[in-house]
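Trainee: Okay, here's the structure, questions in a sec.
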Amino acid sequence: MAKIRRKTIEPAAREYLKYARENGIELSWNNYERMLPQDGFGRLGLSCADCAMGPCRISPFAREYARTVCGLDADELAYRSAMRLMGAGPENTRDFIASLLRRAEKICAVPAGAKDGSTRVGRGVLRADMINICCEGVPFDRVGALEAAAARAGDIAAAAGAGGFGISVVGRVCGKRPTAAGEGDVEFAIMTGLADGYVLGSGAVGLGRCAAAGYATAVLCAGLSDEDILRASADAFARRDPERVRADGEC
């Protein structure tokens, strides 16, 4: 992780990067630096491989009016790339953004104009006495179903010696649920040693997979049954290495 010196603007992350280097933990930065230099077309959102006729690339310096095989111009291609990064499929249009704005008040826990909120954000939501399950790219209704199943699975938690299950979101901030890490910081949540289950949905970037390989963390698909996710996470809790736990009270 030496080629890119400035990896994050968060001061607290520096000790995690140092810890990873000293303990041989592979992070996404290692893979990123092995792949440098980056594809300039991809960085600008001007590359597309949606079909077998690609990848199509549109040069930002082209004087002629360039289009992809299917007829997208540079602006349309960059827009589709941005939508994909936001979790919207390429078939969605600007109407998708409008629909998100209309539903914003339902998504957020704190109504517009409110002065106070109770949502907890930060690695401190991961408790040492709980079986912690971090969900990335998982639809909120699926997270809700997992929360309901966890509330009924006290026997599974007790058998593992835990006080219960803690369900949190990583990769994006959710107003209604505890959020252990935002986008780009998922690996640091894994590196607390307290993430027992790391559940990935179809919209997940999955940066935490690299760090999870160095821990007992179970990397799971959101398509598994609730019981399979809970039991796999409980098993990972039982295999935690206490010496590798870095409880972070920041919240």
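Trainee: Residues that are touching a Lys or Arg at 6+ places or on another chain (Cβ under 9 Å) and touching a residue at least 12 places away in the same chain (Cβ under 8 Å), at least 2 per element: which helices (runs of 4 or more DSSP H) completely within region 119-229 meet that? I'd like the intermediate steps shown before the answer.
Mentor: Working: elements: 140-151, 154-159, 186-190, 208-212.
Of the helices (runs of 4 or more DSSP H) lying wholly inside region 119-229, those with at least 2 residues that are touching a Lys or Arg at 6+ places or on another chain (Cβ under 9 Å) and touching a residue at least 12 places away in the same chain (Cβ under 8 Å) span 140-151, 186-190.
Trainee: Something else: Is it the case that Arg80 is of a type in the set (Lys, Arg), out of contact with any strand residue (DSSP E or B) (no Cβ under 6 Å at 6 or more places or on another chain) and either open to solvent by 70 Å² or more (accessible area, probe 1.4 Å) or in contact (Cβ under 8 Å) with a residue 24 or more places away in the chain (or both)?
Mentor: When the stated conditions are applied, Arg80 passes them.
Trainee: Another one. Find the residue count for region 193-242, including only residues that are over 18 Å from Gly144 (Cβ atoms) and open to solvent by less than 40 Å² (accessible area, probe 1.4 Å).
Mentor: Summing the residues that are over 18 Å from Gly144 (Cβ atoms) and open to solvent by less than 40 Å² (accessible area, probe 1.4 Å) in region 193-242 gives 19.
Trainee: Please enumerate the residues belonging to region 133-152 that are over 21 Å from Gly203 (Cβ atoms) and either under 20 Å from the mean Cα position of the chain (by Cα) or open to solvent by 20 Å² or more (accessible area, probe 1.4 Å) (or both).
Mentor: Those that are over 21 Å from Gly203 (Cβ atoms) and either under 20 Å from the mean Cα position of the chain (by Cα) or open to solvent by 20 Å² or more (accessible area, probe 1.4 Å) (or both): Ala148, Ala151, Arg152.
The values are calculated or read from the model by the stated rules, or taken from the named source; none is laboratory data. The structure displayed is predicted, hence computed values, not measured ones. Cβ atoms come from the backbone with ideal geometry, glycine included; neighbour counts cover every protein chain shown. Areas reflect the complete protein model, heavy atoms only, side chains present, ligands, DNA and RNA absent. Shrake-Rupley method; radii C 1.70, N 1.55, O 1.52, S 1.80 Å.
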